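Asker: I'd like to ask some things about the structure below.
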Amino acid sequence: MGSVRIGLSQFFSITLLFELGTALVVNLGVLSGKDAWISILLGGLAGILVFLGYAYLYWKHPDLTFAGYTTKILGKAVGIPVSIAYIILYLNLAARDMRDGSTMLAMATMHHTPLFILSTLMILSAAYVLHKGIEVLTRTSLVFLLIVLLIGVFSTIMLMLSGSINLNRLLPVMETGIQPVIESVVRQNYMFPFGEMVCFTMLMPYLSNVRKGPWVIMGAMATAALLLSFTMALNIAVLGADIAQRSPLPLMPAISKISISDFIQRVDIFVVMVLIIGVFFKMSVFFAAALIGISEVFKLPYRKMLYPAALLILLISMLDARSFIEHLNEGGKLLYTIYPFYMLAVPGVLILITAVKGHFSERRPG
């Protein structure tokens with residue numbers, strides 16, 4: 001995989017689809033009520049600042065993955081166990097996203113289809129694409145990003161024409177103060193989906209442009225924050241804050257409000273399409289990050305571990321929780337308990353050590 005080089009436009013599209021993922025259809029920022037769109041913007045800003053730390057490590061070690069420079073900085077005795085912990089994290093996140101997608105798909109349309117069948121189809125499709133190579137996944141993302149954006153533009157125009165949007169539902173802004181917004185950012189929005197960009201530290205060595213690559217990724221993150229904020233504001237303007245908060249998939253009832261002269265109706269199938277696309281690419285990126293880590297740490301061929309890792313993701317997904325409510329509650333707790341250790345603490349230590357070493361190595365020649 002060392003000869004793989006991924007273009008900036010491909011990295012932009014895969015980043016944007018990864019960030020949209022399931023976040024586009026769920027009630028993101030629900031803790032701040034009608035101000036959810038503000039908390040998403042602030043969460044996106046915080047996520048970009050965190051990613052600047054990942055970019056710093058990448059610029060210092062452009063040819064190494066996270067597992068590679070972690071071992072180099074901390075030594076093999078500490079670096080390898082830390083890298084293995086991140087591999088477990090990526091496998092778990094891939095499994096959780098697959099559980100999200102299969103459950104939401106069953107809730108939306110395929111009510112009588114077993115989750116195991118839906119999950120198996122998802123992981124097999126991801127394994128097939130990754131077997132062809134990560135560059136194939138990124139090239140594919142260009143096509144599907146265009147589809148998602150066209151669906152978004154069409155749905156917004158149809159909602160405007162059907163007269164379903166009431167901007168007064170967004171007012172007054174910050175009626176209960178800024179505290180609920182800050183709480184939403186801390187407990188959810190900066191970590192989901194923006195903090196999850198830590199997995200891109202495994203993919204960034206394949207960037208075709210070392211200097212511009214991280215800035216393109218941050219541009220995609222900013223674009224995702226704007227799109228997610230707009231989508232949540234649209235959901236609230238159509239449904240109202242109370243209904244949007246209670247609905248697990250607020251985009252579905254919002255889009256179902258489209259009705260123009262009894263001619264254009266029942267376009268909520270578009271939400272299902274967006275859900276499938278988002279889950280596929282987000283799960284595939286986590287899957288790819290785990291495979292790259294396994295290949296580097298254990299010196300095993302990339303494709304040799306593809307289907308064993310796929311089976312492991314499927315098993316974790318099925319055993320993750322007994323119900324979707326339990327799954328969501330567990331995920332909510334992980335966002336502000338376990339994940340900050342992986343996405344803030346460990347990278348922070350690596351940045352500090354790298355900066356200190358760089359400072360003294362620069363002073364020594366003089």
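The values are calculated or read from the model by the stated rules, or taken from the named source; none is laboratory data. No experiment lies behind these values; they were computed from the predicted model shown. Note: ideal-geometry Cβ built from the backbone for every residue, glycine included; neighbour counts use all protein chains shown. Accessible surface is based on the protein model in full, side chains and every heavy atom, while ligands, DNA and RNA are left aside. Shrake-Rupley method; radii C 1.70, N 1.55, O 1.52, S 1.80 Å.
Asker: Could you give me the residue pairs with C-beta distances under 8 Å whose first residue belongs to the range 322-346 and is in contact (Cβ under 8 Å) with a residue 40 or more places away in the chain, whose second residue is of a type in the set (D, E, K, R) and not in a helix (DSSP H, G or I) wherever it lies, and which are 6+ apart or on separate chains?
Answerer: As it stands, the answer is His327/Asp320, since those pairs meet every condition given.
Asker: Between Pro347, Pro340, which is open to solvent by less than 30 Å² (accessible area, probe 1.4 Å), more than 30 Å from Phe154 (Cβ to Cβ) and modelled with pLDDT of 95 or more?
Answerer: Pro347
Asker: Let me ask something else. Of the residues Ile40, Ile14, Ile48, Ile6, which is touching a helix residue (DSSP H, G or I) at 6+ places or on another chain (Cβ under 9 Å) and open to solvent by 10 Å² or more (accessible area, probe 1.4 Å)?
Answerer: Ile48
Asker: While we're looking at this one, here's another question. Identify, please: which residue in the range 272-327 is among the basic types (Lys, Arg) and on the phi < 0 side of the Ramachandran plot and is, among those, least open to solvent (accessible area, probe 1.4 Å)?
Answerer: Within the range 272-327, the match that is least open to solvent (accessible area, probe 1.4 Å) is Lys282.
Asker: To continue, here is another question. Consider the range 83-126. How many of its residues are closer than 20 Å to Pro347 by Cβ and surrounded by fewer than 20 Cβ atoms within 10 Å (Cβ to Cβ)?
Answerer: Total satisfying the criteria: 4.
Residue-wise test of (1) closer than 29 Å to Tyr54 by Cβ; (2) buried (at least 20 other Cβ atoms within 10 Å of the Cβ).
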site: Val185; (1), (2): yes, yes
site: Val198; (1), (2): yes, yes
site: Leu207; (1), (2): yes, yes
site: Pro214; (1), (2): yes, yes
site: Met232; (1), (2): yes, yes
site: Val238; (1), (2): no, yes
site: Ile243; (1), (2): no, no
site: Pro253; (1), (2): no, no
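Asker: Then there is this: Show me the helices (runs of 4 or more DSSP H) found entirely inside the range 199-270 where at least 3 residues are more than 12 Å from Ser155 (Cα to Cα).
Answerer: 213-239, 241-246
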